[in-house]
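Below: the structure, in structure tokens.
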Amino acid sequence: MRELLQEPLLVSAPVNVRYLTGFESTNAAILVEPERVRLFTDFRYAERAREVEGVEFEETKRYLYSDLAERLSERVAFEADALTYANYEFLREGGVELVPRRSLVESLRAVKQSEELEAIRRATEVTNQAYERLAEEQFAGRTEKELAWRMEQLFHDLGADALAFPVDVAAGPTAASPHAVPGDRVVEESDLVLVDAGAMLEGYCSDCTRTFAVGEVSDSLRDVYEIVRRAEQAGLEAIRPGVSGRDADVAARAVIEDAGYGENFGHGLGHGVGLLVHEAPVLRLESEDVLAAGNVVTVEPGIYLSGVGGIRIEDLVVVTDDGCEVLTSFPKELVSVG
């Protein structure tokens, strides 16, 4: 971190505080300086903060930034995407010269260390098992909400610490929205059901989407499913160090566009996963990110048909020296459920 700095950096995003120090709090900040790191938090978290190795702990008032204005040096960099305008004004009025910086900690977080990869693998294995168990259950006659709650129960039964994000179950026309909210719609025969879910273990996330067929579905939907499956495979084959997020997206998108469904794939191919379920790097047309070994990203093309349904297939992968390692193991052929 110090090698990236031009001036001391005030880190205020909770996820970045945790990444750099291991300390979790809703009211903390750290100042990374050339020769030291100072950790600031109030009385409620002081006992744990004193146990953090490698930092100098300073207890503050409950309103952190009222103290920081008096403790910081005259010129300090800050996380432009994390510091609120109100806190920015408080520090500035206290005489601190503030220099905006972006993506310094995030650039470090994007390349996972071995222990981070191991945590993500364990979270993904829980997710793989949850999908296997869900596929054995009855879908027809249950609501989207019921199935979402059941998936959440499976995660807890399998040892997840928490959900990486709220489970998304979308049946039939509901799935035409890529980020649908599970509702009271009852799953029916011949529906496609999209399930997007992930577990969290030791603070690290997993992410997986599969689309299920309830009984027999139309040949036209099976054809669209096969287009998405081929696009997802093209995306996987494009993942390797040195490839831009844009080019990875284009590789998968070309399959969907060639099949005549380009306008039905309106989101990016994927995103980084780690302490957050959405982080750097990103795989989409406007991305300037370049993949590197140690990145963990999703590959998740989809086709969404208004009034009919949606199909998305998503794997979680680690970028390796010569390609990628697919962590998700649940089958990608169209699985039929009852």
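The values are calculated or read from the model by the stated rules, or taken from the named source; none is laboratory data. Note that the coordinates shown come from a computational prediction; the quantities given were computed from them, not determined experimentally. Cβ placement follows ideal geometry from the backbone for every residue including glycine, while neighbour counts extend to all protein chains displayed. Quick note on the areas: whole protein, heavy atoms, side chains included, nothing else; ligands and nucleic acids left out. Shrake-Rupley method; radii C 1.70, N 1.55, O 1.52, S 1.80 Å.
Figures for the structure shown
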quantity	calculated
Other-chain or far-sequence residues with amide H under 5 Å of HIS271's (modelled H)	LEU283, THR298
Per-selection metrics, the range 297-338 (Cα): Rg and Dmax in Å	13.5, 43
Gain on full stretching of the segment that runs from GLU288 to GLU216 - 0.36 nm per residue minus C-alpha separation	21.7 nm
Cα pair distances exceeding 23 angstrom across the range 105-258, given as percent	47 percent
Principal axis dimensions, largest first and in whole angstrom, of the chain by Cα	68, 39, 35
Percentage, to the nearest whole number, of Cα pairs in the range 1-66 over 18 Å apart	28 percent
Whole-percent carbon and sulfur share, accessible surface of the chain, 1.4 Å	47 percent
Protection proxy ranking of 18-27, 215-224, 305-314 - average other beta-carbon atoms within 10 Å, highest first	305-314, 18-27, 215-224
Mean Cβ count within 10 Å, highest first, over the residues of peptides 268-274, 143-149	268-274, 143-149
Burial ranking of peptide ranges 159-170, 71-82 (average Cβ count within 10 Å, highest at the top)	159-170, 71-82
Long-range Cα-Cα pairs in the range 189-267 (distance over 18 Å), rounded percent	56 percent
Radius ratio Rg over Rh of the range 99-155, counting only Cα atoms, Kirkwood formula for Rh	1.26
Helix-only CD estimate at 222 nm, as mean residue ellipticity for the chain, using -39500 (n - 2.57) per DSSP H run (n ≥ 4)	-10000 deg cm²/dmol
Helical segments meeting 27 Å axial Cα length and Kyte-Doolittle -0.5 threshold in the chain (DSSP H)	none
Binned Cα-Cα distances of the range 58-124, short to long, each 5 Å bin given as a whole percent	4, 14, 20, 16, 12, 10, 11, 9, 4, 0
Per-residue ³J(HN,Hα) for the range 39-44, Karplus 6.51 cos²θ - 1.76 cosθ + 1.60, θ = phi - 60°, Hz, x for Gly and Pro	10, 10, 6, 9, 3, 4
Interchain or long-range residues, amide H under 5 Å from GLU56's placed H	VAL37, ARG38, LEU39
Whole-Å semi-axes of the range 151-190's equivalent ellipsoid (Cα gyration tensor)	24, 12, 7
When the range 1-159 is reduced to its Cα atoms, the Kirkwood hydrodynamic radius in Å	18.3 Å
Inter-centroid distance (Cα atoms) of the range 65-93 relative to the range 306-338, Å	43 Å
